[in-house]
Structures are given as C-alpha cells and as structure tokens.
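Trainee: Could you have a look at this structure, given as structure tokens, before my questions?
The values are calculated or read from the model by the stated rules, or taken from the named source; none is laboratory data. Source: prediction; values computed, not measured. Note that each Cβ is placed from the backbone with ideal geometry, even for glycine, and that neighbours are counted across all protein chains shown.
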Amino acid sequence: MTGGPHSYHRSPAPQADLADILERVLDKGIVVAGDIRINLFDIELLTIKLRLLVVSVDKAREMGIDWWEHDPSLSSGQPSLLEENRRLRHRLEELEPGMHTEQRTDRD
Amino acid sequence: VTDVSDRTELGSYVYGVARDLDPATVTAVSGVAGSPVRAVSRGALTALVSTVALAEFGAPGLRRNFEDLGWLERTARAHHAVLAAAVRDGPVVPLRLATIYHGDDGVRALLAERGAIFDAALRRVQGRTEWGLKAYLDPAQHPASTADHADPGSSGTAYLRRRRAQLHSGEEVRHAAARQAETIHRAVSAAAEAARRYPPQDGRVSGESREMVLNAAYLLAGTGRASLDEAVDQAGTWPLRVEWTGPWVPYSFVEVEVEPGP
C-alpha cells in the first residue's frame, strides 16, 4: 500500500493515545472489589463524565450512528444516559468552567 | 492532628493477574506514582502490585484525583505500561484502574478465593491479542476538497471520480461513511474471535481533527493481524481511512465483575 488518498492506511503502533488507554482501563478489565472503594455513585459520575469527553454524540448522530443509545452496557443502572448527560453537563460546567461542552444530547 | 494515618498509610495497588510470570519482566517498569512493581504470588497466579500512599490512592484522594485529567493520564499510562510489559511474558488479565487493597494479604486472599475466575479469564486470553480499529472520514473525500487530481489513466480512479460526482453534499458522503463503517465492522468481526464496539472518540481527548466513524476492538489468536487487514482490504474503505492500534493487552475481552470473597 502506498498510502494514496483512498487507500487503507496501516499505521505503526506508536505510543498509545490517551483516549484509547482511558476507554480501556477505566471500565474494562476485571472489576474486583478492593479494600479501597470510591463510592459507586462517584464511579458512575466519573465514567459518564469521561464518556462525555470520549463520545462525540452530535457528530455521530449526524452520521446516523446511534447504536449506543440501545446498548445496555452504556445505559445499565442509569435511568437514561441522555438524561444523565444533560444533568452532568451542568456539573461539568461547574467543575471545569473553562471547558465548554457542546454535546447536545436532547432529542429536540 | 487528626489525619496522621492518612499521610502514612500504605496500600497495595493491583494492576492485573498473570500466570507463571517471571517477576523480572515487570521490575524494570515504573508503576503508578513512580512506584516499583513487584509480584505477589499464590500458586501459579501472580498479581502485579505496587505500594502506594493512601493519601493519594485512598477513597478521598481518588475522588479528588479522578477529577484531575493530568493525574488520570499519568496513572492510566503507568497502569497500561505495567500490563503491556507483563503480557510479553505470557497471558495477563487486567484489573480496572485503581483496584487497591490495604496490604498484600488482601491480594493473596483475592488470588486464593477467586483463583478459578482468574484461571478461566487467563485461558480465554492466552495466545490472543487485542487490536483497535478506528475509521475516520477521509478529509480528502469531503466534496469541498475533491479537486480532480486523480490519475486519469487508472480505471479505479476514474470510477472514484464518477462516484464523487454523484455525491453532491457532505451529508451523502457522511451516510456513505456510516454504511462503510458497518461493512468494515461486520467483515473484521467475522475474521476475529470476538469484537467489541466503542463510541467514537471526541477530538478534544484524542487530538484528532478528522471525524471518527468507527471505533472498535477485536480479539485475535496470535500476535499478528494479517487476517484482519485482509478483511478490511476485501470490505473496502472508501470514503474512510482506517487506522489500527495495538497489539493491546486484552482489556476489552475480560470484563467480569468479581464478587467480594465468601
């Protein structure tokens, strides 16, 4: 392959990207209860907050990709990921006033 | 003074569990918070462990530090580096970031009580590697940038030129991209032992300006991914560009929730 504009680009594996590492180490792997536990609710907040960073909801939906809305592993234990995101957007703004979150998760 | 213990207490941070691991494989690697890594073994199972200060890794410290993306990045990279070093020596099952016991006795108890679960997970990943695939909408395929510089002598490029002419709007290219992503994922999944999709990543974390259309992980026997490459080549990629990451420790294929010991 020569890497022309339409061709399949094989990239070497340089130092892994942060986003790739985070999506693997945060809530993948074996989950076992250690002695030190952060409150389960905090973990839920954390993973959803990171999903806000990792998922580009609008861009994906614009392209007709919305499979995660029907994926139970992304909404388990949550009344609704969309609702939760809406609530967390406000919390994010409190935590990181410099960061503007532009994801819109509302259907309207 | 009420929090002396918080400053002096130590905990055992567990990265993952391996079988028949040569401890020398990981002793050269720097763990979380710059700590050395050691092996805590029971039978054939070896936990990869670092001693950490509970001021930083206790519950209040973790709650604070998890909100700090800099801390999270350093910790996640160190966690990954230890597992990536260990997997060169044999199968490893990763534990979720920040699994911490008060001491090595707790770690040994985990290996004793949950040995069967770790054995089963190690068997499942032995000799297999995880590969990450990301497909982006090729910026050169955006209608605004499809100035005709293709080689007129090639029928392939002539076809693509006609095809481009049919796609008048960015929306059409995007729908074609989404369809092609599904085709690629189906083809690669069929060539792999297991597959898992992730949501597309946001450019603010990945630093990537192109639009990600597919983000997935595949489990494959052996250490190469030739059969996955072949599946992509047969499926075709237009109007996407496909990039691989890996080989990874099989993070995406050992997700098990282990109940506390009896």
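Trainee: Within the range B:204-224, does at least one residue satisfy the condition of being part of a loop (DSSP other than H, G, I, E, B), among the aliphatic types (A, V, I, L, M) and surrounded by fewer than 22 Cβ atoms within 10 Å (Cβ to Cβ)?
Mentor: Within the range B:204-224 (the criterion being part of a loop (DSSP other than H, G, I, E, B), among the aliphatic types (A, V, I, L, M) and surrounded by fewer than 22 Cβ atoms within 10 Å (Cβ to Cβ)), the answer is no, since none of the residues qualifies.
Trainee: Here are some conditions: (1) touching a Gly at 6+ places or on another chain (Cβ under 6 Å); (2) modelled with pLDDT under 95. B:ALA78 meets all but one. Which one does it not meet?
Mentor: (2)
Trainee: Given (1) more than 30 Å from B:VAL249 (Cα to Cα); (2) outside any loop (DSSP other than H, G, I, E, B); (3) at pLDDT below 90, identify the lone condition not met by B:ALA176.
Mentor: Here B:ALA176 meets the rest and fails (3).
Trainee: Here's another thing I want to ask about it. Would you point out the residue of the range B:233-247, among those that are within 7 Å of chain A (Cβ to nearest Cβ) and closer than 22 Å to B:GLU208 by Cα, that is surrounded by the most Cβ atoms within 10 Å (Cβ to Cβ)?
Mentor: B:VAL242
Trainee: Does B:PRO260 count as surrounded by fewer than 20 Cβ atoms within 10 Å (Cβ to Cβ), at pLDDT below 95 and closer than 16 Å to A:ARG24 by Cβ?
Mentor: no
Trainee: Can you find, within the range B:204-233, the residue that is farthest from B:TYR136 (Cα to Cα) among those that are touching a strand residue (DSSP E or B) at 6+ places or on another chain (Cβ under 9 Å) and modelled with pLDDT under 85?
Mentor: The extreme case among them is B:THR223.
Trainee: Quick check: anything in the range B:194-205 more than 10 Å from chain A (Cβ to nearest Cβ) and under 30 Å from B:GLY156 (Cα atoms)?
Mentor: Looking through the range B:194-205, none of the residues is more than 10 Å from chain A (Cβ to nearest Cβ) and under 30 Å from B:GLY156 (Cα atoms).
Trainee: Also: Mind counting the residues in the range B:123-141 that are in a helix (DSSP H, G or I) and either modelled with pLDDT of 95 or more or of a type in the set (D, E, K, R) (or both)?
Mentor: Qualifying residue count, the range B:123-141: 2.
Trainee: Could I ask something else about it? Looking at the range B:72-92, can you tell me whether even one residue there is under 15 Å from A:ARG24 (Cβ atoms) and assigned to a strand (DSSP E or B)?
Mentor: Yes; the residues of the range B:72-92 include at least one that is under 15 Å from A:ARG24 (Cβ atoms) and assigned to a strand (DSSP E or B).
Trainee: Can you name every residue in the range B:87-137 that is of a type in the set (Ser, Thr, Tyr) and either in contact with a Gly (Cβ under 7 Å, 6 or more places away or on another chain) or more than 11 Å from chain A (Cβ to nearest Cβ) (or both)?
Mentor: B:THR99, B:TYR101, B:THR129
Trainee: Given the criterion in a helix (DSSP H, G or I) and either over 22 Å from the mean Cα position of the chain (by Cα) or more than 13 Å from chain A (Cβ to nearest Cβ) (or both), identify the matching residue among B:VAL52, B:VAL26, B:VAL40.
Mentor: B:VAL26
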